[in-house]
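Enquirer: First, the structure itself, so that you have it in front of you.
Any read-out appearing in this document is the output of simple, stated calculations on the displayed coordinates, not a laboratory observation. This one's a predicted model, so the numbers in the text were calculated from it and none came from an experiment. In this analysis, Cβ positions are derived from the backbone assuming ideal geometry, glycine residues included, and neighbour counts consider all displayed protein chains.
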Amino acid sequence: MPVTRASAASDRGAPALSRRHAAGAPSARGLLFTLLGELVLPGDGTAWTSAVVAALARLGVEEKAARQALMRTAAAGWLTAERTGRRTRWRLTRSAERLLTAGAERIYSFAGPVPDWDGRWLVVAARIPDRERRARHVVRTRLSWAGFGSLGAGLWISPHPEREAEAIGVLRDAGVAAGAQVFVASRVGLGDVTDMVAQAWDLTGVEEQYERFIDDFGGREPADVLARQIELVHAWRRFPSIDPALPGELLPPRWRGLEAARLFADRHDRWSAAARREWQRLNDVG
C-alpha cells in the first residue's frame, strides 16, 4: 500500500511492493498485507505465527500457504522474525510501517468523486518508440495506476493537476522525460466530453466491480466479524487503484461508487472494534 499511487516505497533502498499485492491480490500474501495493515499496524506492530495462521485459515488459506506468505514477506524486507523458544513473533519493519500507514490513509480516505473541480486537466504527452518496451510498460502501468486515462498512443490525461510531480517521476523512471511534455490545460471542445471520458477510462468495468462489492457486503451481519472485516478491507483496497476518482460531472448518472463508499465506511466502523478484539485474543494466545 504505497505512499503515492505508485507501488514502490518512497525512499530509495526500501523494499518494493508489487502493484498486484498493493491493490489487494486474491492470494495468501495479498490477504496477509491486508491483515498487517488493518490489525497488526494499529496494535504493537507484532504478530505470532499462530495468530496469522489462525486468522488466514478463516479466509480459506491453508497453513502451509500462510507460513510461506510470512516467510516471503519477511524475505522481501517487510517483516523481521523474533524467536521465543519454538515460537516465532513477526515484527513490522520501519519500511512496512511507513508503507502500511500511507496505504491505510489512502484506503480509508478514498471516497470516489472529486468535489469542487476547477475544470483543469493534467496532460502528459510521451511518444515512446515500440522498441523501448520497458519504457512503454513503465509509463503505461504506472500512469494507469495513478489514475490517468489514455486518449491514444503517448497521450494521457487526468483531472488531478496536483499529480504533476508523480507523472514527472514516472517519466523520469522510464527514461523518457527528455522527450516528454507535461502541462495543465482547460478543455475548450470540440468533441463531447462524455465520449472523451469513455475513451480514456473503462468506467463501466469499474462500476461493475462496485456493484459486486455492494452485493457482497450489503447483507446481514457476519458470524465471523474478524474474517469479514479483513475481506471488506481487502475488497475495498482495489478501488483507489482502478477508480480514477473523476469529478462528479464526468461520471455516469447514479454512479454506484458513492453507494459503495458509504457502505464501506458503515461496515468498517461497525465491525472494527469487534474484529480488533478477536484479533487481540488470537495474538495474545500466541
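Enquirer: With the chain treated as a Gaussian network of Cα nodes joined by springs under 10 Å, which of Val233, Val40, Val197 yields the largest mean-square fluctuation?
Expert: Sorting by GNM fluctuation, first place goes to Val197.
Enquirer: What dipole magnitude, in Debye to the nearest 20, does the chain give about its Cα centre under +1 on Lys/Arg Cβ and -1 on Asp/Glu Cβ?
Expert: 1340 debye
Enquirer: Right, another one. Check each of the GluC sites (Glu not before Pro) in segment 32-126 and keep only those in coil by DSSP with at most 15 other C-beta atoms within 10 angstrom; list them in order.
Expert: Passing both the DSSP loop test and the Cβ count: Glu62.
Enquirer: Looking at the chain as a GNM with Cα springs under 10 Å, which of Gly179, Gly37, Gly45 has the largest mean-square fluctuation?
Expert: So, out of Gly179, Gly37, Gly45, the one fluctuating most is Gly179.
Enquirer: A further question follows. Count the DSSP beta bridges whose two residues both fall in the chain, then state the antiparallel fraction as a percent rounded to the nearest 5.
Expert: 95 percent
Enquirer: Counting alpha carbon pairs within less than 8 Å and at least 6 residues apart, what relative contact order, in whole percent, applies to segment 120-186?
Expert: Contact order relative to length: 53 percent.
Enquirer: Follow-up. Report the full-extension gain for the segment Glu97 to Val285: residue separation times 0.36 nm, less the Cα-Cα distance, to one decimal in nm.
Expert: Result: 65.3 nm gained on full extension.
Enquirer: Scan the chain and report its longest stretch carrying no trypsin sites (Lys or Arg not before Pro) that are both in a DSSP loop and have at most 14 other Cβ atoms within 10 Å.
Expert: 13-85
Enquirer: Give me the one-decimal nm value for the distance between modelled label points at Thr46 and Val114, 7 Å along each residue's Cα-to-Cβ direction.
Expert: 4.4 nm
Enquirer: Enumerate by residue number the GluC sites (Glu not before Pro) in segment 228-263 meeting two conditions: DSSP loop (anything except H, G, I, E, B), and at most 13 other Cβ atoms within 10 Å of the site's Cβ.
Expert: none
Enquirer: Still on this structure, please answer the following. How much of the calculated P(r) for segment 120-186 lies past 21 Å, in percent of all Cα pairs?
Expert: Pairs farther apart than 21 Å: 11 percent.
Enquirer: Over 18 Å, how big is the tail of the calculated P(r) for segment 149-286, in percent of all Cα pairs?
Expert: Tail of P(r) above 18 Å: 66 percent of Cα pairs.
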